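This report concerns only the one structure given below.
The values are calculated or read from the model by the stated rules, or taken from the named source; none is laboratory data. Bear in mind that the values here come from a model prediction, so they are computed numbers and not experimental data. Backbone-built Cβ (ideal geometry, glycine too); neighbour counts: all protein chains shown. Heads up: the accessible areas ignore ligands, DNA and RNA and are worked out on the full protein's heavy atoms, side chains in. Shrake-Rupley method; radii C 1.70, N 1.55, O 1.52, S 1.80 Å.
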4 protein chains.
Amino acid sequence: MISRAVVQTAPRTLELRELPVPEIGPEDALLAVEACGICGSDYEQYEGALPVRFPVIPGHEPVGRIADIGREAERRWGVRQGDRVCVETLIPCGFCRNCVSGAYRLCSGHRRMNAYGYLSLDLPPGLWGGYADYLYLEPHALVHKIDERIAPEIATLFNPLGAGFRWAVEMPRLQVGETIVILGPGQRGLTSVIAAREAGAGCIIVTGLARDARKLALAKEFGADVTIDIETQDAATAVREATGGRMADIVIDVTAYATDAVNQAVNLARRGGRVVLAGTKGATPVPDFFSDRIVVKELMILGAFGVDYPNYERAIRLIESGKYPLERMHTQTLPLTEAERALRLLAGHEPAEEAIHIALVPGDRR
Amino acid sequence: MISRAVVQTAPRTLELRELPVPEIGPEDALLAVEACGICGSDYEQYEGALPVRFPVIPGHEPVGRIADIGREAERRWGVRQGDRVCVETLIPCGFCRNCVSGAYRLCSGHRRMNAYGYLSLDLPPGLWGGYADYLYLEPHALVHKIDERIAPEIATLFNPLGAGFRWAVEMPRLQVGETIVILGPGQRGLTSVIAAREAGAGCIIVTGLARDARKLALAKEFGADVTIDIETQDAATAVREATGGRMADIVIDVTAYATDAVNQAVNLARRGGRVVLAGTKGATPVPDFFSDRIVVKELMILGAFGVDYPNYERAIRLIESGKYPLERMHTQTLPLTEAERALRLLAGHEPAEEAIHIALVPGDRR
Amino acid sequence: MISRAVVQTAPRTLELRELPVPEIGPEDALLAVEACGICGSDYEQYEGALPVRFPVIPGHEPVGRIADIGREAERRWGVRQGDRVCVETLIPCGFCRNCVSGAYRLCSGHRRMNAYGYLSLDLPPGLWGGYADYLYLEPHALVHKIDERIAPEIATLFNPLGAGFRWAVEMPRLQVGETIVILGPGQRGLTSVIAAREAGAGCIIVTGLARDARKLALAKEFGADVTIDIETQDAATAVREATGGRMADIVIDVTAYATDAVNQAVNLARRGGRVVLAGTKGATPVPDFFSDRIVVKELMILGAFGVDYPNYERAIRLIESGKYPLERMHTQTLPLTEAERALRLLAGHEPAEEAIHIALVPGDRR
Amino acid sequence: MISRAVVQTAPRTLELRELPVPEIGPEDALLAVEACGICGSDYEQYEGALPVRFPVIPGHEPVGRIADIGREAERRWGVRQGDRVCVETLIPCGFCRNCVSGAYRLCSGHRRMNAYGYLSLDLPPGLWGGYADYLYLEPHALVHKIDERIAPEIATLFNPLGAGFRWAVEMPRLQVGETIVILGPGQRGLTSVIAAREAGAGCIIVTGLARDARKLALAKEFGADVTIDIETQDAATAVREATGGRMADIVIDVTAYATDAVNQAVNLARRGGRVVLAGTKGATPVPDFFSDRIVVKELMILGAFGVDYPNYERAIRLIESGKYPLERMHTQTLPLTEAERALRLLAGHEPAEEAIHIALVPGDRR
């Protein structure tokens, strides 16, 4: 059997290859990819800003059907051939101190980068990325069953929605009735709105730029109480008004590259408040960063990078519930052959067309 | 009755005045000050870097004997005339949302600055500072009894030691066996060593400069496992060696002014580690602050400013136990009339004489 | 000015008296009671099962308008004459170790029972109960403003709803997606449903008896997923089915007198689950209580008795939001003169009429 | 190669057999047992009170040297042939929801009992118990290196000491300065004393019977402040005195069979206190168990059964430190051939000889 796969061989260089599909033993499985979500970091990888070892098949948000599976794997994962599943990005080793303590996000047991979309094609059996017809599921892969009735491209939202639950709710311990400010209305900003709404936030405020009007409107549909266009409004003033002067219990920064958002997060948080930093800034320093503000306000700042099993479960159960019109944030579905265009779209480099969430689908496979 | 008091009327301007001592009602009390610890911030207040409303009696680490007390106050505080007590810096309102929720450190109920050493002399009855013969104890003052046998100048260490317990142990939830790196071997660095030792830290590492040799040696006496002179050693290398490559579970920055310590704290913490920022930087920004490191390492950064009731209690019980030779960190006892010299000493502006902890004592009063 | 008040002078003995209304100083206030909720414990007090010092004005769930208020109290509470407010049951001392640490539920600073509805009439100024025209608000009373548009008898639900938030959500740290089983569909069972729904519970199961059919139906209206009539269904089987064999993450017992519910709670919880015990059993022991089950399943059992400021705030904000048809659980409004009938109704001693939540209203006052 | 092993074939029936030693592949290893600690539950298993599938090799606290090891196992565990290691009782599956979330104590992924000392001899390769010359280390076994210089029989204390850290410190979140009452001065009572002392407990109180005089004296050597002989002293009075009326912040029950200890634990805890139940009662109910006391005092009751990786690490590091004279609690070392006598000794059925901790050692092996 043969799998097509988008292979990146160098920065900004993708090609479609045909690769052999491996035999499956008792502990592993093969996924027939139905859709793969595109993450903001996929563009950084495409550009070369996020360094990986080439050649590599990108794609770390895969959803598909179990095409073949070993007996032991069936038992462990509770799935059978034909089931639709979501696959977590990380492949933990299952043995190191972090894995054994439940922090497999910090797994240090492999000697290699242990995540789908980042493992080199050179490591057998090669099919380590979601931009392909088939994905290899190794014994420690983390697999979640999802209801048949969820369209695969919507199912890929399990990934940003899992992040919303871990970053906006679990990490800052959002309590019923609290005010959360979400800086940035992209995929993870919108899923943070949903997660915060589910957890009973009292007031959800989302900031964005003038060009984000559609996303901010969508944030309101998903449950935001207030949206702020920071090009025309002063965020601090708006948050002060919305909170009767108390400022935010929680601020989460999910903007990319915007270093100033870090300072803004610190400023918008109330004394004793919590700030989640989940947006990376391309290795750029934050200018005018006054640590005294953290000290004097007794803030808690939390770096958020990965997601984990319970939060992916939360996301999948919520997707299955149909409670939110998630299809409203899924803007484009493209075939494997248009991977490059999909990446440019998500990065906002196709000005004519706005994108929030995009999925690649293999379509017919052999 | 008359109380002498050191009154600050302008930056760098102190004078000794004689002030009337107020009458005491059923809910308040009068403290005959026996000693007042000098905090690093006292020098900032002296210089004018920390703005206060003049005229003011400085001193927020007072210890003394109850000279007069109302009946209701006796019952509430469980103390009587003649008892030796430590007085907390903050005077909470007791009614606001923060006070009612146990976060009186963040009390917002007064319209004025509610702390000993900062309230203006103009607010009756005026005796709001520890650099004096007598201190007024208002109904919401927080008073802790301490054993008679503890010398007053040693008893004033309840303040930095309470900080050690809250900042180095409680806030970062130090667990038995963990590694903590303490940046800065001053008063609060040394008390952090003691607090971490009491809580069962597995490895305590303290950094300092070449001129801190004596303080670093004292850190070892108090229980530090490793000390690092960062002028001759690379801190990251030393921490890597001491931890077998794991780096620190917790890093606490108790340096003043050193903005680079913030970056160092972030670098010395392990992935998933905790950083406590407890040193202020004179409103100076941190250069080359890369927030991405917080994100990628999933750090928790905690701003630490105040101390609270349970941690002062921990400190006082430990002082009473005599378990640590605390007198080794108390370097000078000076009379009220030498307040200015005491402040310059603590700030390191008297090069011939090294100071770690200093107390002012009123001596004979009328 | 005169206040009518229902005074209990002995078990099962109530009389309507006229009492003088006190003068108000700068730190206290007077509440014109508009409605007072009736709690299950009010009946125990009426019967004599819950001992109090007579004479006493019962009623610890008062809502009303500020009739008179001192200047300092105005500032502290942020309310003015004419505002509608909810008053917490407890009157903390504001000074003891528990109050200072945020655990004023456990306040030990008064020498007397410090709660509305329990303080004797003999303690001046006497008006310490909600079954009256006026209630005295002492300086440390905890007062929450509530929107004018909320009918007073609905506003009294702040009390059971605050319990729902603290007991069913905050104490067991309910996470989004978790399964909670609520034993007992009374006032606090129904408010637990609402609180769990707000906090994002994944599956809410409520148990009751055959005679609770209407309450169980209401539980579904408020968001319960499954209801179980334990007289015709096996609760363990039903929970196993509803959870795919996992059993409950959280079980909360809000039944009164039913000692067997304690064992059932232990049995319905999953390994590593949490059990909240919030229903008292009239000082009756639990037969066949096997502590080994707690050990082997590593359960966490939490005793829940009081409520606190943040949870009352959550309740009040939710009542104001109008999100739930709370009026559906308010079954009767009765005048002061029918206090006895109200108590018998709530206890289920008036078989013809079903009661869930009842409020007493003073009606016209002089 | 051949391994001798004590095999239990029925209640109270042990025999010494010779069994073949398996070949080792890349992911597993073989342990040459040097000592195996005897747990109280070993006697229950011997008697038949704790049911297991026969034939079985008992022993779940093994320490030994790596006799043979695969390459992959070497890398994962960071050990080599000849290293001395402690082996955890549980063999987690590494794949189930509990394992992935860090709660491998609750692992539900195997279809069989997954613990050393309990797996049947019939399951290949058979060597699943510590009462033998060799133990099979399967890929998911959890192995901790321990310093060469620690005698094997002392090293086996990693097991009860790990329990001390998890049950007396981590689970009830013991804070510096708190009072803990430990019911029962056996192995786990004594290790709870050490763990509480390490974590900075302010006051450690241990209860026992008249016949426990030696154990109570040892508790004092290990750091207990107060010991109570409950046959001659009233425990509640003694705790009240020792705590100035506050009662205990934490009570831990590590008695076996004594159901009354559960009620005592509830009584000795202060309002808002925590109770850890870690002693099983042979499936006997607790008479006169009043759940109302848990409710009214707002207690937290924690069932404690297993231990986990970080706490075993804490125990091993502390054993290596030599800080406590642990050899004082190790009372007997016996050869494999005297397994039966060892079990009777530990259970107190050899009246002439007192036992606290016993280890079996294989001695010369072939």
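Listed by chain and number, the aspartates and glutamates whose C-alpha is less than 17 Å from the C-alpha of residue B:281, apart from same-chain residues fewer than 8 away, are A:288, A:292, A:298, B:42, B:44, B:47, B:253, B:260. The DSSP beta bridges internal to the protein assembly as shown are antiparallel in roughly 55% of cases. With just the Cα atoms defining each centre, how far is the stretch C:93-171 from the stretch D:203-224? Give it in Å. Answer, in whole Å: 44. Rounded to the nearest 20 debye, the dipole size of the protein assembly as shown about its Cα centre is 0 debye, using +1 on the Cβ of Lys and Arg and -1 on the Cβ of Asp and Glu. Computed over the stretch C:312-366, the alpha-carbon pair-distance distribution with 5 angstrom bins reads 4, 18, 20, 19, 16, 16, 7, 0, each value a whole percent. The helix-only estimate of mean residue ellipticity at 222 nm for the protein assembly as shown, built from DSSP H runs of length n ≥ 4 each weighted as -39500 (n - 2.57), is -7000 deg cm²/dmol after division by the residue total. Contact residues in the stretch B:305-321 (at least 40 Å² less accessible area with all protein chains than alone, 1.4 Å probe): B:305, B:309, B:314. The distance separating the Cα centre of the stretch B:20-53 from that of the stretch B:310-366 comes to 15 Å. Each copy carries a label point for residue D:82 at 7 Å from Cα along the beta-carbon vector; from one copy to the others these points are 5.7, 7.2, 9.0 nm apart, nearest first.
On the beta carbon distance between residue B:80 and residue D:320, with R0 = 51 Å, the FRET formula returns roughly 0.55. Projecting the Cα atoms of A:134, A:190, A:124 onto the charge dipole of chain A, computed from C-beta unit charges around the Cα centre, puts A:190 farthest toward the positive end. Inter-copy label distances at residue A:49, using a point 7 Å along Cα-to-Cβ, come to 3.8, 6.5, 6.6 nm with the shortest given first. Loop-located trypsin sites (Lys or Arg not before Pro) across the stretch B:237-323 with a Cβ neighbour count of 16 or fewer within 10 Å are B:246, B:323, with loop assigned by DSSP.
The Cβ shell under 11 Å around residue D:37 holds other residues with a net charge of -3, Lys and Arg each +1, Asp and Glu each -1. For chain C, modelled as a GNM whose springs connect Cα atoms under 10 angstrom apart, the maximal fluctuation among C:213, C:339, C:155 occurs at C:213. The share of alpha-carbon pairs in the stretch C:1-155 lying farther apart than 18 Å comes to 57%. Simple rule: put +1 on each Lys or Arg Cβ and -1 on each Asp or Glu Cβ in the stretch B:54-213, find the dipole, and look at B:101, B:86, B:57; the Cα lying farthest toward the positive end is B:101.
Overall, the anisotropy analysis places the stretch B:44-101 in the oblate class: the square-rooted eigenvalues a ≥ b ≥ c of its C-alpha gyration tensor yield a/c not less than 1.5, with a/b not exceeding b/c. May I ask you to list the trypsin sites (Lys or Arg not before Pro) in the stretch A:1-64 that are in a DSSP loop and have at most 13 other Cβ atoms within 10 Å of their Cβ? In loop regions of the stretch A:1-64 (DSSP not H, G, I, E or B), the sparsely surrounded trypsin sites (Lys or Arg not before Pro) are A:12, A:53. Shielding of peptide D:174-186 by partners, expressed as the average count of other chain Cβ atoms within 10 Å per residue Cβ, is 3.
Compute the FRET efficiency between residue C:337 and residue C:209 as 1/(1 + (r/R0)^6), taking r as their Cβ-Cβ distance and R0 = 25 Å, and round to the nearest 0.05. That gives a FRET efficiency of 0.20.
Taking a ≥ b ≥ c as the square roots of the eigenvalues of the Cα gyration tensor of the protein assembly as shown, is the shape rounded (a/c under 1.5), prolate (a/b larger than b/c) or oblate? Cα axes put the protein assembly as shown in the rounded bin.
Inter-chain Cβ neighbour count for D:280-286, averaged per residue, equals 5 (cutoff 10 Å, partner chain atoms only). Computed with every protein chain present, the accessible area of residue A:1 is close to 130 Å² [probe 1.4 Å]. Since only B:237, B:311, B:222 are under comparison, the one whose Cα sits farthest along the positive direction of the charge dipole of the stretch B:214-366, derived from C-beta charges on Lys, Arg, Asp and Glu, is B:311.
Inter-chain Cβ neighbour count for D:90-100, averaged per residue, equals 5 (cutoff 10 Å, partner chain atoms only). Applying the Kirkwood pairwise sum to the alpha-carbon positions of chain B produces a hydrodynamic radius of 21.0 angstrom. Can you bin the stretch D:158-291 into rounded, prolate or oblate? Criterion: square roots of the alpha carbon gyration tensor eigenvalues sorted a ≥ b ≥ c, rounded for a/c under 1.5, prolate for a/b above b/c, oblate for the rest. It comes out rounded by the Cα gyration axes. Rounded to the nearest whole Hz, the Karplus-based 3J(HN,Hα) values (6.51 cos²θ - 1.76 cosθ + 1.60, θ = phi - 60°) of the stretch C:145-154 follow the sequence 5, 9, 4, 2, 6, 8, 4, x, 5, 6, with x at glycine and proline.
Label points for residue D:363 are taken 7 Å from Cα along Cα→Cβ. From this copy to the others they lie 7.8, 7.9, 9.4 nm apart, shortest first.
Say the cut-off is 21 Å between C-alpha atoms; which of B:323/D:220; B:215/D:323; A:297/B:145 go over it? Flagged as over cut-off: B:215/D:323; A:297/B:145.
Applying the criteria of a DSSP loop state and at most 13 other Cβ atoms within 10 Å to the GluC sites (Glu not before Pro) of the stretch D:162-266 yields D:231.
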